[in-house]
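Undergrad: My structure is below; once you've seen it, I'll send some questions.
Throughout, read-outs are computed from the coordinates displayed, never taken from laboratory work. Just so it is clear, the model here is predicted, and its values are computed rather than measured. Cβ atoms come from the backbone with ideal geometry, glycine included; neighbour counts cover every protein chain shown.
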Amino acid sequence: MARLNLKFYNYYPDFNNDDLVAKAIDIIHRIKRKNIDGFENFGFHELALNFSANNILEIQKISQLIISKNTKTLIIFTDTITYNNFVGGLDFIFKFDTLADNKINYIFINSDEPINKWFTQFKYIKNTFDFETTSFIFSKLSEFNVNFIEFVKMMLNYLQVNFGYYRTLDKSFIIGKEIIEQQLNFIDVEEKNRLIIPNILDEKHSFFCEINLLLLFLKGVDISNVLEGYVVASQDYSGENIKDNLAFQYAYALAELKQNKQTHLLTFTDESVKNLFNNYLLLNNLKSIKNNFWSTSIIFPNDIYTYGPYTLTMNNFFVSLIHINSLKHDYRITPELLVNDGVPKFKQNRLSHFTSSSFDGILNTFNNVAHTQTIVIELNSNSEFVLGSLVCFIYWANIFEWYIKRKNPFN
């Protein structure tokens, strides 16, 4: 089965149309020739394609260095983009992992959050953390604001006074672009505790940046397979064969449906995919809101009491329904210890079976009851390979959508 499939309901685009095919090929040719608005931002794609074994080895080395410090807790000074990238990837693979509590604990101090939140976290850390098992990462793809830098200095001063100047630096790591390395020059860490992110990487397409791959790797994600998934998928999703280019198909459908609708409802059958698509929402809404259009996300059946009553009057909505066919952690719902243990035996007794039943019901409601134009995105599994493919799909669909509208997707 393909890693990702698209199906359309109550909407019938013709991807054999000669004019549409010619338009797609023209956009792709202009991207390849770097003769299109925003071409300088495609560094994210080149970096992902050229992420070599040596790059992965660098991440593994710094991971081993962090682990060698007896690290049980990792305090990460960063921003919303880095946090969203990490949570989106981790939830997709390990949302239902029962061993999560046995892995390194991450505490994110987000420079985009209010100042009082930083100090609340600082107070909590002072009262609860064990310095002997704690390390620190400072990472961002652009400059920190002045207030956050002063907060970092204050917290570092506390750590160095109470636990030692050099001991604190030994447990500190800087991972970011050169501009961050320069901004944090007061943190005098050794070269082995640094990892530089290339300047050509676009912030909004930074899933494969070193900090995100490092954080995922420390949690047990096979980052080589994630990268392979992106590389393999990009052959189709950035290619000229429109029948195989599902990213362009999805982008075209979005561009066309948004002309007559006001809201795009991203709907999920479980929580593991939601945060990854929230990155898409962030990318898209920053531009779409100017045109009085909004994309939002819900999880069924969790949000059915909120949105269920409106399914009969969804004239201004269209839907993307995202579903995973085979879950990596697929638990039994009912115990089956003995043949005669008194517990009724059900044929459908795994989490994925109930999720599939929920998906069938949701699709039937949108398709046959609400008669809503619906795009179904079916994922083969929530494996690392599919994660890389899905990131490729999301990025290129967003890019194609804006080029179809004759706008720069990176502005």
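Undergrad: Give, in nm to one decimal, the length gained when the segment between Lys243 and Ile149 is fully stretched (0.36 nm per residue of separation minus the Cα-Cα distance).
TA: Gain on stretching Lys243 to Ile149: 28.9 nm.
Undergrad: Hey, another quick one. With a point put 7 Å past each Cα toward its Cβ, work out how far Asn315 is from Lys69 in nm, to one decimal.
TA: 6.0
Undergrad: Rounded to the nearest 20 Debye, what is the dipole magnitude of region 2-44 about its Cα centre when Lys and Arg each give +1 and Asp and Glu each give -1 at the C-beta?
TA: Taking the Cα centre of region 2-44 as origin, the dipole is about 260 debye.
Undergrad: Here's a follow-up. So, in nm, how far is label Lys405 from label Ile115 when the simple model puts each one 7 Å beyond its Cα toward the Cβ?
TA: 3.7
Undergrad: In which sequence would Trp396, Trp118 go, from the one with the fewest C-beta neighbours within 10 Å to the one with the most?
TA: Trp118, Trp396
Undergrad: Relative contact order for region 44-223: what percent, with Cα pairs under 8 Å and sequence separation of 6 or more?
TA: Across region 44-223, relative contact order equals 30 percent.
Undergrad: Got a sec? How would Glu181, Glu190 order by Cβ neighbour count within 10 Å, fewest to most?
TA: Ordered from fewest to most neighbouring Cβ atoms within 10 Å, Glu181, Glu190 come out as Glu190, Glu181.
Undergrad: Rank these for me by crowding, Phe248, Phe317, going from fewest to most other beta carbons within 10 Å.
TA: Fewest to most other Cβ atoms nearby, the residues stand as Phe317, Phe248.
Undergrad: Between Ser358 and Val231, what length in nm is gained on full extension when 0.36 nm per residue of separation is reduced by their alpha carbon distance?
TA: In short, 42.5 nm is gained.
Undergrad: Grab the DSSP H runs of the chain that are 4 residues or longer, score each as -39,500 (n - 2.57), total them, divide by all residues and round the 222 nm result to the nearest 500 deg cm²/dmol.
TA: Calculated at 222 nm, the ellipticity per residue is -14500 deg cm²/dmol.
Undergrad: To continue, here is another question. Along the Cα-to-C-beta direction of Gln259, a point sits 7 Å from the Cα; which residues of region 11-41 have their amide N less than 19 Å from that point?
TA: 11-27, by backbone N distance to the label point.
Undergrad: Quick check: the angle from helix 246-257's long axis to the longest principal axis of the chain, C-alpha only, nearest 10 degrees?
TA: Between the helix axis and the principal axis of the chain, the angle is about 70 degrees.
Undergrad: From the phi angles alone, apply the Karplus equation (6.51, -1.76, 1.60; θ = phi - 60°) to region 142-156 and give each ³J(HN,Hα) in whole Hz, x where the residue is Gly or Pro.
TA: 8, 5, 6, 6, 4, 4, 5, 4, 5, 5, 4, 4, 4, 5, 4
Undergrad: Does the chain come out rounded, prolate or oblate, given a ≥ b ≥ c as the square roots of the eigenvalues of its C-alpha gyration tensor, rounded meaning a/c under 1.5 and, failing that, prolate meaning a/b above b/c?
TA: oblate
Undergrad: Return the sequence-ordered ³J(HN,Hα) values of region 391-405 in whole Hz as given by the Karplus equation 6.51 cos²θ - 1.76 cosθ + 1.60 applied to θ = phi - 60°, using x for Gly and Pro.
TA: Ordered by residue, 3J(HN,Hα) equals 4, 4, 4, 5, 4, 6, 5, 5, 5, 5, 4, 6, 5, 4, 7 Hz.
Undergrad: Give me the number: length gained by fully extending Asn35 to Ala100, i.e. 0.36 nm times residue separation minus the C-alpha to C-alpha distance, one decimal in nm.
TA: Full extension from Asn35 to Ala100 adds 18.8 nm.
Undergrad: Between Thr133 and Tyr11, what is the FRET efficiency for a Förster distance of 56 Å, r being their Cβ-Cβ separation, to the nearest 0.05?
TA: Rounded to the nearest 0.05, the efficiency is 0.55.
Undergrad: Roughly how far apart, in whole Å, are the Cα centres of region 366-391 and region 6-78?
TA: The two parts, judged by their Cα centres, are 19 Å apart.
Undergrad: Then there is this: List the residues, sorted by chain then number, that are 5 or more residues from Ser326 or on another chain and whose placed amide H is less than 5 Å from its amide H.
TA: Residues meeting the amide H criterion: Ser381, Asn382.
Undergrad: Also, I was wondering about something else. Measure off 7 Å from each Cα along the Cα-to-Cβ vector at Ala53 and Arg167, then give the distance between these two points in nanometres to one decimal.
TA: My value for the distance between the label points is 4.1 nm.
Undergrad: With θ set to phi - 60° and the Karplus curve 6.51 cos²θ - 1.76 cosθ + 1.60, what are the ³J(HN,Hα) couplings of region 229-240 in order, to the nearest whole Hz, using x for Gly and Pro?
TA: With the stated coefficients, region 229-240 comes to x, 5, 4, 5, 5, 5, 5, 8, 6, 10, x, 8 Hz.
Undergrad: Once you have a ≥ b ≥ c as the square roots of the Cα gyration tensor eigenvalues for region 44-223, tell me rounded if a/c is under 1.5, and otherwise prolate or oblate according to whether a/b is larger than b/c.
TA: It is rounded, given that a/c, with a ≥ b ≥ c, falls under 1.5.
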